[in-house]
Amino acid sequence: MTTGTLLILDHAIAVLTVIAWFAAAGTAATRSKPAFLLLVVALVVTAVRMVAIVPLAGRGWWFVEEKVLFGLPILGVAAVAAAVLAGPRLRAVARSRETTRSGDTTAGVVALFAAAFAALVSFVVAFVIGYPLTLPTALIAVAALVAATMLTARVLTNPEENKPESEERAPTAAELNRRRFLGVAGGVVAVGAAGTGIGLALTSGASTTQGGGPGPASVPTISIADLRGLQDPAPGGVVRTQLVTARKAMVKLESGREIDALTFDGTLPGPPITATQGDVIEVRLRNQDIDDGVTLHWHGYDVPCSQDGAEGLTQDTVRPGGEFVYRFRADQVGTYWYHTHHSSHVNVRRGLYGTLIVKPREEDDRGALDLPLAVHTFDDGATVISGGGEHVAAPGTKVRLRLINTDSDPHRFALSGTPFTLVAVDGRDLNGPGEISEQILRLVAGGRYDVVFTMPAEPVVLSLDEGKATVWVSPRGGRRDDTAAGPDTRAWPELDLLAYGTPAPVALRHETANRNFTLVLGRGLAMVDGSPSYAQTVNGLGHPSIPDQLVAEGDTVRFTVVNRSLETHPWHLHGHPVLVLSRDGVPASGSPLWVDTFDVRPGEVWEVAFKAGNPGIWMNHCHNLPHVDQGMMLRLRYDGVVSPFGGGHSGHHD
Ligand code: C2O
Ligand code: CU
């Protein structure tokens with residue numbers, strides 16, 4: 001069973017526990033016969049819950065911490081108390097001939113409600129708070145439990161509700177005193193715990209984590225603005241200057257559909273930015289009328305930090321009428337893309353994106369067909385492959401498809417009609433990739449695949465998400481038969497990148513990391529940009545409260561990324577490719593896999609490593625861009641680097 005399934009199962013059983021205990025308590029309160037049976041059911045479900053987390057615990061402490069340390073102990077204690085206090089009487093009721101009522105069951109009923117509240121608190125803490133369990137959380141949860149139980153006791157012991165025909169006698173003075181004492185003591189506990197918890201929760205935590213490495217050693221020594229990198233082309237290279245204007249436009253897509261878009265240069269996608277390795281790319285970005293403001297982020301391209309386009313961190317946003325000139329040397333070959341990094345959860349989707357392709361200087365690709373295919377979904381939900389449609393290639397032609405996912409969700413590609421080779425992932429060549437066929441290529445949000453094949457005598461069809469869109473490459477040209485949708489690819493297995501290609505030694509794989517950071521991705525209550533929300537969280541926190549990760553130049557850094565939530569999180573670090581080490585404890589066994597975005601599906605645990613060789617302060621976030629808006633973003637900070645652009649509430653926001 002996958003960890004994701006176990007997580008869902010745990011939530012489901014937790015809900016059942018809550019229902020079972022409330023049912024037992026409710027029926028016991030009305031003194032009806034099924035109460036005893038329901039108590040037994042509640043105890044059984046509780047036991048199942050305790051057993052069911054054992055396999056989950058086996059997948060990692062992050063998945064069970066708050067249950068093992070808090071939720072299940074309080075539920076266990078409350079369940080035993082309820083069984084002891086209520087069990088014998090409910091059993092007697094169940095066995096008596098009368099349909100309802102018997103002696104004083106108040107204590108038992110209160111205990112049953114306490115167990116129900118404990119089950120509820122345990123579920124809420126797991127579902128809404130998650131990892132890590134903190135003292136404030138535990139205190140507030142205990143306070144809620146005590147307060148709810150007291151309130152129940154109070155309602156149930158209200159003398160007016162003691163029916164005259166009941167066999168209860170009036171409480172003695174001593175009993176009243178005891179009750180009063182318990183009430184006051186419980187109240188003090190609840191108020192005290194809640195107060196302390198809220199107080200602790202509001203004291204802000206550390207602003208950096210060091211991952212086990214040394215703390216900040218030096219005073220700030222360099223500003224991001226000064227991290228500019230190489231300014232001149234390599235021998236044989238040129239400076240490629242380009243003006244790109246961000247503006248609103250109505251754009252007609254190939255399908256004929258009109259989109260009210262935000263664009264670069266009035267086109268969707270924006271103008272292709274291309275270079276040969278060693279050229280200098282210089283783009284003058286002008287904002288004509290994008291009210292939110294705009295920047296250019298070169299996704300997956302390891303530019304010097306000042307050119308990274310992270311609004312509020314590496315530059316100010318470019319306001320209407322403003323300009324910013326990006327300049328960096330294109331030493332990295334491959335398929336990349338660019339997009340705005342300001343309010344990106346809305347504005348990338350509306351059209352502020354384009355492709356960036358750098359070809360090797362030595363390559364002779366004359367006669368080859370090279371197709372950048374950027375997949376994008378617009379606000380109306382329709383997905384297009386720009387550069388798609390139909391293409392002609394004579395048999396024997398070398399064809400290269402550059403698949404680019406500019407969306408926030410993964411896409412599935414199926415290439416039929418020919419065997420093919422996946423030669424590069426995220427712009428970086430794989431080692432010894434083998435020829436494959438009839439396998440689905442699942443492409444992470446923000447990711448790129450370069451697929452090559454030799455054109456056969458029959459058409460080749462690339463199909464997106466089981467036919468949402470198709471690209472045809474045919475040997476003869478002429479219009480294809482519209483009824484031919486390509487073969488049914490639904491049963492094809494998904495290619496596992498971690499086992500694809502040929503292994504090769506990489507020093508980084510075996511180096512002991514100087515810094516180890518764990519990022520537990522979850523969903524829960526957290527502060528995001530100063531307001532409480534149901535956030536997408538990292539280690540229980542939302543941006544900008546998530547501590548910066550501190551590294552020093554030359555460090556070997558390891559990330560363990562754990563997904564405790566029920567959604568997929570495409571994790572993306574700016575400025576560095578990461579080497580995938582393992583997924584769910586299984587080491588990557590194929591070609592060394594360098595990526596800039598990796599898809600952490602529910603329950604998965606990924607280990608990746610990288611060399612800290614590109615000084616700066618870098619965004620580190622989920623590339624499901626709406627998740628960024630909901631808090632799932634932090635920064636990786638090189639020791640000594642400071643940002644002149646605020647740097648606090650940075651990236652993606654307005
Ligand atoms: Cu493509 Cu910070 O993103
Ligand atoms: Cu996410």
Which Rg and Dmax, in Å, describe the Cα atoms of region 560-654? 14.3, 43
I'd like the FRET efficiency for S96 and V184, computed as 1/(1 + (r/R0)^6) with the beta carbon distance as r and R0 of 41 Å, rounded to 0.05. 0.65
Here the alpha-carbon Rg of region 206-266 over 2.2 N^0.38 Å rounds to 2.13
For the pair A225 and V48, the simple spin-label estimate (label points 7 Å beyond Cα toward Cβ) gives in nm 6.4
Cα extents of the chain per principal axis, largest first, Å, are 100, 63, 51
Using a Förster radius of 51 Å, what is the FRET efficiency between E282 and I198 based on their Cβ-Cβ separation? Nearest 0.05, please. 0.45
Packing-based exposure ordering (other Cβ within 10 Å, fewest first) of F113, F181: F181, F113
Pairing the Cα long axis of helix 72-95 with the longest principal axis of the chain, what angle in degrees results, from 0 to 90 and rounded to the nearest 10? 40
Given the peptides 189-199, 362-372, arrange them by the average over their residues of other C-beta atoms within 10 Å, most packed first. 189-199, 362-372
In 5 Å bins starting at zero, report the fraction of Cα pairs in region 367-495 per bin as a rounded %. 2, 11, 22, 25, 22, 12, 4, 1, 0
Please compute the modelled spin-label separation between M1 and Q242, points set 7 Å along Cα→Cβ, answer in nm with one decimal. 5.1
Percent antiparallel among DSSP beta bridges confined to the chain, nearest 5, equals 70
So if I average 1/r over every pair of distinct C-alpha atoms in region 260-401 and take the inverse, what Kirkwood radius in Å does that give? 16.2
By how many nm would the segment from M250 to V392 grow when fully extended, if each residue of separation counts as 0.36 nm and the alpha-carbon distance is taken off? 48.1 nm
Scalar couplings 3J(HN,Hα) for region 487-499 by Karplus 6.51 cos²θ - 1.76 cosθ + 1.60 (θ = phi - 60°), nearest whole Hz, x for Gly and Pro, are x, 6, 10, 5, 8, 5, x, 8, 5, 9, 4, 6, 10
In nm, to one decimal, how far is the modelled label at E511 from the one at Y534, with both set 7 Å along Cα→Cβ? 4.3
Obtain the radius of gyration and the Kirkwood radius of region 26-109 from its C-alpha atoms and give Rg over Rh. 1.13
Jot down the per residue volume, in cubic angstrom and as a whole number, of the convex hull over the alpha-carbon atoms of region 496-654. 101
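Where a number appears in this text, it was derived from the coordinates with a stated rule and is not lab data. From a predicted model like this one, the values you see are computed outputs, not experimental measurements. Here the Cβ is made from the backbone with ideal geometry for all residues, glycine too, and neighbour counts use every protein chain on show.
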